[in-house]
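Undergrad: One structure is given below, represented as structure tokens, and several questions about it will come after.
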Amino acid sequence: MGVGKSSVARALGRKLGARVVDLDAEVESRVGASIASIFAERGEAAFRQIERETVRELGESWGGAEQPTVVALGGGTVTDRATRRMLLEQGVLVTLSAPADELAARVGEGRGRPLLAGSQESPSNVLSRIVAERADAYAECHRWIDTSHRTVDEVADEVREVAAEQPVVVPLGTRSYRVEVGAGIRDRVGVRACEAASGAQALVVRDEHVARPWGQQIGEALEAVGHAVDSVTLPPGEEHKNLSSVEAVWDRALELGMGRDGLVVAVGGGVVGDVAGFAASTLLRGVALAQVPTTLLAMVDSSVGGKTGFNRDQGKNLIGTFHQPRFVLCDVETLETLPQPERTAALAEVVKSAWLQGPEAVAMLERDAPALVQGDPEATIRAIRMAVRLKARVVTADERESGTRMLLNLGHTVGHALEAARGYRGLRHGDAVALGMVAAFRVSRELGIAGPAEQDRVERLLGALGLPTDLDDSLDVRATPYLYADKKRRGGQLHFVVPAGPGSTRIEPVQAEWLQRVLTA
Ligand SMILES: NC(=O)c1ccc[n+]([C@@H]2O[C@H](COP(=O)([O-])OP(=O)(O)OC[C@H]3O[C@@H](n4cnc5c(N)ncnc54)[C@H](O)[C@@H]3O)[C@@H](O)[C@H]2O)c1
């Protein structure tokens with residue numbers, strides 16, 4: 001209220017040549033009554049219902065529209081979770097803010113503002129209370145812009161910049177964060193670090209393969225905004241995803257006297273991200289974490305979702321925490337130094353994501369397959385965005401993996417068994433996931449869910465991306481006992497992720513013995 005959304009929307013509309021809709025005005029014209037009288041006569045709940053339907057109808061016309069639409073929302077519109085999620089997925093949602101005193105000065109006595117009218121409290125107090133009550137909803141946005149001391153034009157320019165970039169939001173209330181994907185965006189780490197943590201101390205965690213040039217450049221970008229930067233360089237590889245690596249991060253941070261306002265920045269693949277994330281989550285009971293992934297796998301998977309951890313002799317990822325990053329920057333330029341086999345293996349997770357996402361995502365990958373194999377930046381950015389969007393949606397629905405997040409394990413039950421049988425040597429995780437997906441389709445067909453056309457389609461796509469599909473050559477008696485050790489096993493049954501067509505994967509209970517028979521028949 002009073003933040004200037006209508007003026008910013010008009011300015012933005014002019015800049016974009018876009019249609020501008022003021023939601024309050026739209027509601028008033030549909031109902032034929034003022035907002036104040038709808039509130040007074042029908043109550044807030046009825047008003048929100050009308051507002052929700054109006055947004056839905058506006059949203060339906062966005063898909064495929066050539067001209068963008070700028071909508072100045074009512075301040076309470078996004079308090080409706082379903083409306084907010086729709087806006088986040090289908091549009092670009094920006095929260096404008098200003099200090100309560102400034103807002104109060106702008107709205108005066110609040111005439112025509114139903115939430116202020118008739119209150120005994122000062123407008124400034126009412127506005128502070130409303131903002132506090134709506135903190136979770138307002139934080140779920142593509143960008144939060146403080147409008148104080150800025151002109152309408154400047155704010156509109158910033159909104160336009162966000163709209164052009166379309167970061168992916170992981171909406172988790174006040175713990176929400178954004179995943180930015182692009183070429184040459186790593187320098188933004190400085191600005192984002194200032195927004196994310198109040199302190200000016202940063203610890204960059206990287207491994208020997210990325211220390212130069214990427215780790216060093218990230219350190220320099222942080223120093224450029226005035227941070228005191230130190231770094232830890234871990235030995236590379238899965239075998240170093242252990243307690244010693246975690247200790248190296250803990251000790252360096254403690255030696256530096258890092259406070260709870262410090263920031264740990266993970267620059268590297270999934271190993272660095274998981275180790276740095278675990279260390280950050282436990283240091284001083286939790287300091288801020290940023291992820292700057294430099295492998296395709298870390299970009300499409302491990303940097304998003306908040307799982308951290310390390311391995312023990314008894315198995316992989318057995319010790320861990322959930323600790324969401326404050327921001328994620330995926331700069332595809334960092335993939336220029338990544339060995340080709342690492343890149344190819346990560347494409348298995350991309351196929352998995354597309355299959356979970358739906359027909360459009362699968363068709364996009366089929367079209368982009370040759371470009372992805374060549375390492376084309378645009379195709380890579382499209383694939384990463386698709387996978388991150390899917391992961392953001394699943395993580396939001398089930399942050400701690402009690403239900404739908406398990407869908408992300410498509411191909412992983414058999415994949416893990418294949419990796420474990422080889423002692424985690426000689427078979428890349430991504431190759432194992434590709435074979436695991438082939439196995440999942442075999443199981444699905446046996447259950448009468450997927451048909452031969454779907455199985456052919458996924459195998460063709462995996463093959464086009466250079467991934468293995470020869471399950472029978474890989475799955476032997478050494479692997480089958482490991483199926484029983486799967487973490488997703490419950491009550492004598494395995495919860496198996498069973499794919500059907502694109503966008504319709506589900507979880508089915510299956511007996512491990514039956515699974516073994518089907519896979520080795
Ligand atoms: N937290 C999660 O949700 C999650 C999800 C999936 C996987 N993971 C974990 O991620 C790990 C696998 O991640 P990964 O595949 O990124 O492996 P990785 O971190 O071991 O990186 C692979 C190799 O590439 C090197 N490297 C990284 N970036 C490079 C670059 N830009 N140029 C040159 N070399 C580079 C690394 O030093 C390493 O040798 C596993 O430990 C897995 O358990 C975690």
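The values are calculated or read from the model by the stated rules, or taken from the named source; none is laboratory data. Predicted model only: the values in this text are computed from it and were never measured. Cβ atoms come from the backbone with ideal geometry, glycine included; neighbour counts cover every protein chain shown.
Undergrad: Of all residues in segment 328-339, which are within 11 Å of the ligand (Cβ to nearest atom) and either under 19 Å from the mean Cα position of the chain (by Cα) or assigned to a helix (DSSP H, G or I) (or both)?
TA: Passing the criteria: D331, V332, E333, T334, L335, E336, T337.
Undergrad: M1 is checked against (1) part of a loop (DSSP other than H, G, I, E, B); (2) touching a Ser or Thr at 6+ places or on another chain (Cβ under 7 Å) and fails just one. What number does that condition carry?
TA: All conditions pass for M1, except number (2).
Undergrad: When you scan segment 168-227 for strands (runs of 3 or more DSSP E) that lie fully inside it, which ones turn up with 1 or more residues that are farther than 26 Å from D251 by Cα, in contact with a strand residue (DSSP E or B) (Cβ under 6 Å, 6 or more places away or on another chain) and of a type in the set (F, W, Y)?
TA: Numbers: elements: 168-170, 177-182, 201-207.
Passing ranges, in order: 177-182.
Undergrad: Quick one: R48 ticks every box in (1) surrounded by fewer than 16 Cβ atoms within 10 Å (Cβ to Cβ); (2) of a type in the set (D, E, K, R); (3) at pLDDT below 90 except a single one, so which number is it?
TA: In the conditions (1) surrounded by fewer than 16 Cβ atoms within 10 Å (Cβ to Cβ); (2) of a type in the set (D, E, K, R); (3) at pLDDT below 90, R48 misses (1) alone.
Undergrad: When segment 369-378 is examined, which residues are found to be free of Cβ contacts under 8 Å to residues at least 12 places away in the same chain and either crowded, with 20+ Cβ neighbours inside 10 Å or in a helix (DSSP H, G or I) (or both)? Before the answer, list the steps.
TA: The first filter runs over segment 369-378 and keeps only residues free of Cβ contacts under 8 Å to residues at least 12 places away in the same chain, leaving 371, 374, 376, 378.
Passing the criteria: A371, Q374, E378.
Undergrad: Considering only segment 349-368, I want to know if a residue exists there that is within 28 Å of W250 (Cβ to Cβ), crowded, with 24+ Cβ neighbours inside 10 Å and within 13 Å of the ligand (Cβ to nearest atom). I'd like the intermediate steps shown before the answer.
TA: First, the residues of segment 349-368 that are within 28 Å of W250 (Cβ to Cβ): none.
So far as segment 349-368 goes, no, none of its residues is within 28 Å of W250 (Cβ to Cβ), crowded, with 24+ Cβ neighbours inside 10 Å and within 13 Å of the ligand (Cβ to nearest atom).
Undergrad: Are any of the residues in segment 52-68 touching a residue at least 40 places away in the same chain (Cβ under 8 Å) and surrounded by fewer than 20 Cβ atoms within 10 Å (Cβ to Cβ)? Let's see the steps before the verdict.
TA: Looking only at segment 52-68, we keep the residues that are touching a residue at least 40 places away in the same chain (Cβ under 8 Å), and these are 67-68.
Next, only the ones that are surrounded by fewer than 20 Cβ atoms within 10 Å (Cβ to Cβ) stay: 67-68.
Yes, some residue in segment 52-68 is touching a residue at least 40 places away in the same chain (Cβ under 8 Å) and surrounded by fewer than 20 Cβ atoms within 10 Å (Cβ to Cβ).
Undergrad: Within segment 15-51, work out how many residues are among the charged types (D, E, K, R) and either out of contact with any helix residue (DSSP H, G or I) (no Cβ under 8 Å at 6 or more places or on another chain) or in a loop (DSSP other than H, G, I, E, B) (or both).
TA: Selection size over segment 15-51: 3.
Undergrad: Of (1) among the basic types (K, R); (2) at pLDDT below 90; (3) surrounded by fewer than 16 Cβ atoms within 10 Å (Cβ to Cβ), R113 satisfies all except one. Which?
TA: (3)
Undergrad: Name the residue that is farthest from L256 (Cα to Cα), counting only residues in segment 266-276 that are more than 7 Å from the ligand (Cβ to nearest atom) and part of a helix (DSSP H, G or I).
TA: We begin by selecting, within segment 266-276, every residue more than 7 Å from the ligand (Cβ to nearest atom); these are 266-267, 275-276.
Filter once more, so that each one left must be part of a helix (DSSP H, G or I): 275-276.
On the way: V275: 19, A276: 16 Å.
Among residues in segment 266-276 that are more than 7 Å from the ligand (Cβ to nearest atom) and part of a helix (DSSP H, G or I), the one farthest from L256 (Cα to Cα) is V275.
Undergrad: Taking segment 51-83, which residues are touching an Asp or Glu at 6+ places or on another chain (Cβ under 6 Å) and modelled with pLDDT of 85 or more? I'd like the intermediate steps shown before the answer.
TA: So in segment 51-83, the residues touching an Asp or Glu at 6+ places or on another chain (Cβ under 6 Å) come out as 52, 54, 72, 74, 77.
Passing the criteria: R52, T54, A72, T77.
Undergrad: Then there's this: Look through R106, R19 and report the one residue that is at pLDDT 85 or above and not acidic (D, E).
TA: Just a single option satisfies the conditions, and that option is R19.
Undergrad: Let me ask another. Considering only segment 214-250, how many residues are free of Cβ contacts under 8 Å to residues at least 24 places away in the same chain and within 16 Å of the ligand (Cβ to nearest atom)?
TA: 5
Undergrad: Report the residue count in segment 300-325 for those that are of a type in the set (S, T, N, Q), in contact with a helix residue (DSSP H, G or I) (Cβ under 9 Å, 6 or more places away or on another chain) and either in a loop (DSSP other than H, G, I, E, B) or more than 7 Å from the ligand (Cβ to nearest atom) (or both).
TA: Here is the first cut: in segment 300-325, the residues of a type in the set (S, T, N, Q) are 302-303, 308, 311, 314, 317, 321, 324.
Cutting the leftovers down to in contact with a helix residue (DSSP H, G or I) (Cβ under 9 Å, 6 or more places away or on another chain) gives us 302-303, 308, 311, 317, 321, 324.
So of that shortlist, the ones also either in a loop (DSSP other than H, G, I, E, B) or more than 7 Å from the ligand (Cβ to nearest atom) (or both) come out as 303, 308, 311, 321, 324.
Counting residues in segment 300-325 that are of a type in the set (S, T, N, Q), in contact with a helix residue (DSSP H, G or I) (Cβ under 9 Å, 6 or more places away or on another chain) and either in a loop (DSSP other than H, G, I, E, B) or more than 7 Å from the ligand (Cβ to nearest atom) (or both) gives 5.
Undergrad: Say we look at segment 280-299 and pick out the residues that are under 22 Å from Q217 (Cβ atoms) and in a helix (DSSP H, G or I); which of these is farthest from the chain's Cα centre (by Cα)?
TA: Just the residues of segment 280-299 that are under 22 Å from Q217 (Cβ atoms), to begin with: 280, 288-299.
From what is left, the residues that are in a helix (DSSP H, G or I) are 280, 296-299.
On the way: A280: 19, L296: 14, L297: 14, A298: 12, M299: 10 Å.
Filtering first and then ranking leaves A280.
Undergrad: Within segment 399-415, track down each residue that is at pLDDT 80 or above and either in a loop (DSSP other than H, G, I, E, B) or among the basic types (K, R) (or both). Reasoning before the result, please.
TA: The first filter runs over segment 399-415 and keeps only residues at pLDDT 80 or above, leaving 404-415.
Of everything in segment 399-415, those that are at pLDDT 80 or above and either in a loop (DSSP other than H, G, I, E, B) or among the basic types (K, R) (or both) turn out to be R405, L410, G411.
Undergrad: Can you find a residue that is charged (D, E, K, R) and over 29 Å from A132 (Cα atoms) anywhere in segment 16-35?
TA: Initially, segment 16-35 is screened for residues charged (D, E, K, R), giving 19, 22, 24, 26, 28, 30.
Restricting the remaining residues to those that are over 29 Å from A132 (Cα atoms) gives 19, 30.
Within segment 16-35 (the criterion being charged (D, E, K, R) and over 29 Å from A132 (Cα atoms)), the answer is yes, since at least one residue qualifies.
Undergrad: Can you name the residue in segment 277-299 that is hydroxyl-bearing (S, T, Y) and near the ligand (Cβ under 10 Å from one of its atoms) and, of all such residues, is surrounded by the fewest Cβ atoms within 10 Å (Cβ to Cβ)?
TA: Step one: filter segment 277-299 for residues hydroxyl-bearing (S, T, Y), giving 281-282, 294-295.
Imposing the further condition that a residue be near the ligand (Cβ under 10 Å from one of its atoms) reduces the set to 294-295.
On the way: T294: 29, T295: 26.
Restricting to residues being hydroxyl-bearing (S, T, Y) and near the ligand (Cβ under 10 Å from one of its atoms), the top hit is T295.
Undergrad: I need the full set of residues from segment 510-519 which are loosely packed, with under 13 Cβ neighbours inside 10 Å and either among the polar types (S, T, N, Q) or assigned to a strand (DSSP E or B) (or both), in order please.
TA: Residue satisfying the conditions is Q511 alone.
Undergrad: Of all residues in segment 416-456, which are small (G, A, S), surrounded by fewer than 19 Cβ atoms within 10 Å (Cβ to Cβ) and either in contact (Cβ under 8 Å) with a residue 24 or more places away in the chain or part of a helix (DSSP H, G or I) (or both)? I'd like the intermediate steps shown before the answer.
TA: As a first pass, look at segment 416-456 and keep what is small (G, A, S): 417, 420-421, 423, 426, 430, 432, 434, 436, 439-440, 444, 448, 450-451, 453.
So of that shortlist, the ones also surrounded by fewer than 19 Cβ atoms within 10 Å (Cβ to Cβ) come out as 423, 426, 448, 451, 453.
Within segment 416-456, A453 is the sole residue that qualifies.
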